[in-house]
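Participant: Have a look at the structure that comes next, please.
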Ligand code: SF4
């Protein structure tokens with residue numbers, strides 16, 4: 001893209017791994033071929049100082065040239081079942097430079113030879129170029145496309161996401177991936193106070209994504225970390241919506257390092273989100289059926305509990321007891337799992353077996369110190385029940 005500096009580097013290692021999957025992207029593994037992002041969204045959290053992205057965020061792009069070679073080598077070492085997320089919070093893997101570099105296409109060709117489920121979060125229709133390969137991967141394991149989209153108003157999109165794909169292209173991308181049998185979902189975040197965080201915009205957006213056949217629709221608000229992120233965003237607000245500047249200063253006046261808005265503002269918006277989720281008729285988080293059977297059972301339980309917590313938060317339910325139970329569950333899994341990465345003779349299935357044993361014996365009640373959560377975990381582990389986050393109930397099992 002004109003006016004953008006590209007710097008190519010070689011990196012030493014590629015795949016990052018988490019002890020338990022990230023519930024937001026349901027992924028255990030991750031990597032990104034790029035650093036910084038030409039899409040140049042003015043609200044991008046990746047601009048924040050805490051990510052140490054050097055140079056100008058949307059003008060100095062780092063290309064990790066040897067990603068495909070490293071992927072080929074490291075993919076064979078994966079022993080624990082889980083999703084691979086390609087991307088990061090500070091780059092979009094299908095930003096314009098990918099058109100020429102084709103790193104994602106080469107990665108997809110490699111991944112198509114294995115049986116690892118993949119998730120990609122993007123704002124770009126360029127991903128359609130590689131649909132043939134992602135569909136192949138979906139047939140073997142699973143491919144989940146998470147599309148970020150917050151408005152159907154093209155002029156608003158241009159103001160805040162200048163170089164990302166137009167709205168209609170993103171909707172078309174969702175339709176094409178759905179038609180190819182892939183799982184799809186929309187992250188409607190960040191919704192911008194008074195601009196896109198309005199009933200009118202959310203209704204129009206909900207209608208559009210439902211027509212695109214998505215499996216889930218996840219709305220979320222804006223965080224503004226003090227520093228470069230907030231300054232960049234506020235310049236766009238001052239330029240395009242000067243009348244809202246004072247309101248934004250008020251909502252984000254507490255300058256929390258997390259960038260969270262005023263509590264009252266969050267409370268005020270809860271019914272708006274709840275209404276959108278009800279109207280959409282789809283899950284507010286990644287459905288259980290998307291990852292069931294594709295991750296270790298102890299991961300599956302962790303993901304369902306964490307996603308259930310998010311779904312309850314959308315409903316305004318107090319989740320403190322559930323959070324505590326999730327923390328205790330996590331501690332137990334960590335303890336049992338600890339020696340396995342260092343031992344070739346031990347398998348991660350050992351952790352699944354231990355979980356089944358403590359569910360059978362009832363010991364799980366002592367582990368999570370919560371009867372209801374223990375019964376819930378047992379239903380997933382022993383009865384292989386499927387949880388539906390729309391109606392917050394089990395819908396079947398095997
Ligand atoms: S596409 Fe994502 S990573 Fe890129 S600028 Fe926009 S928000 Fe940031």
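Just so it is clear, none of the values below were taken in a lab; they were calculated from the coordinates. Computed from a predicted structure; not experimentally measured. Here Cβ is always computed from backbone atoms with ideal geometry, including for glycine, and neighbour counts include all displayed protein chains.
Participant: How far apart, in nanometres, would the label points at residue 350 and residue 250 be if each is projected 7 angstrom from Cα along the Cα-to-Cβ direction?
Facilitator: 5.9 nm
Participant: What residue among 151, 184, 13 shows peak mean-square fluctuation when the chain is described by a Gaussian network model with Cα springs under 10 Å?
Facilitator: Its mean-square fluctuation being the largest, the pick is 13.
Participant: 222 nm [θ] for the chain, helices only, -39500 (n - 2.57) per DSSP H run of 4+, per residue, to 500?
Facilitator: Mean residue ellipticity at 222 nm (helix-derived): -13000 deg cm²/dmol.
Participant: Label-point separation (nm) for residue 203 and residue 240, each offset 7 Å from Cα along Cα-to-Cβ?
Facilitator: 2.2 nm
Participant: In nm, give the distance between the simple-model label positions of residue 258 and residue 74, each being 7 Å from the Cα along the Cα-to-Cβ direction.
Facilitator: 2.9 nm
Participant: Still on this structure: Go ahead and set up a Gaussian network model of the chain, Cα springs under 10 Å, then flag whichever of 259, 243, 221 fluctuates most.
Facilitator: Answer for the Gaussian network model of the chain: 243.
Participant: Extension gain residue 179-residue 388, at 0.36 nm per residue separation less the Cα-Cα distance, in nm?
Facilitator: Contour length minus Cα-Cα distance gives 73.0 nm.
Participant: Take the alpha carbon gyration tensor of region 296-396, find the square roots of its eigenvalues, order them as a ≥ b ≥ c, and report rounded if a/c is under 1.5; if not, report prolate when a/b exceeds b/c, else oblate.
Facilitator: Prolate.
Participant: How many angstrom separate the Cα center of region 380-395 from the Cα center of region 70-101?
Facilitator: About 31 Å separates the Cα centre of region 380-395 from the one of region 70-101.
Participant: With the Cα gyration tensor of region 1-146 giving a ≥ b ≥ c as the square roots of its eigenvalues, does the rule (a/c under 1.5 for rounded; else a/b larger than b/c for prolate; else oblate) give rounded, prolate or oblate?
Facilitator: Prolate is the answer for region 1-146, as a/c is 1.5 or above and a/b outweighs b/c.
Participant: Further question on the same structure: For the chain, what does the alpha-carbon gyration tensor say about shape, rounded, prolate or oblate, given a ≥ b ≥ c as the root eigenvalues, a/c under 1.5 as rounded, and a/b over b/c as prolate?
Facilitator: Taking the square roots of the gyration eigenvalues as a ≥ b ≥ c, the chain is oblate.
Participant: Quick one: among 173, 206, 319, which has the greatest mean-square fluctuation in a GNM of the chain with alpha-carbon springs under 10 angstrom?
Facilitator: 319
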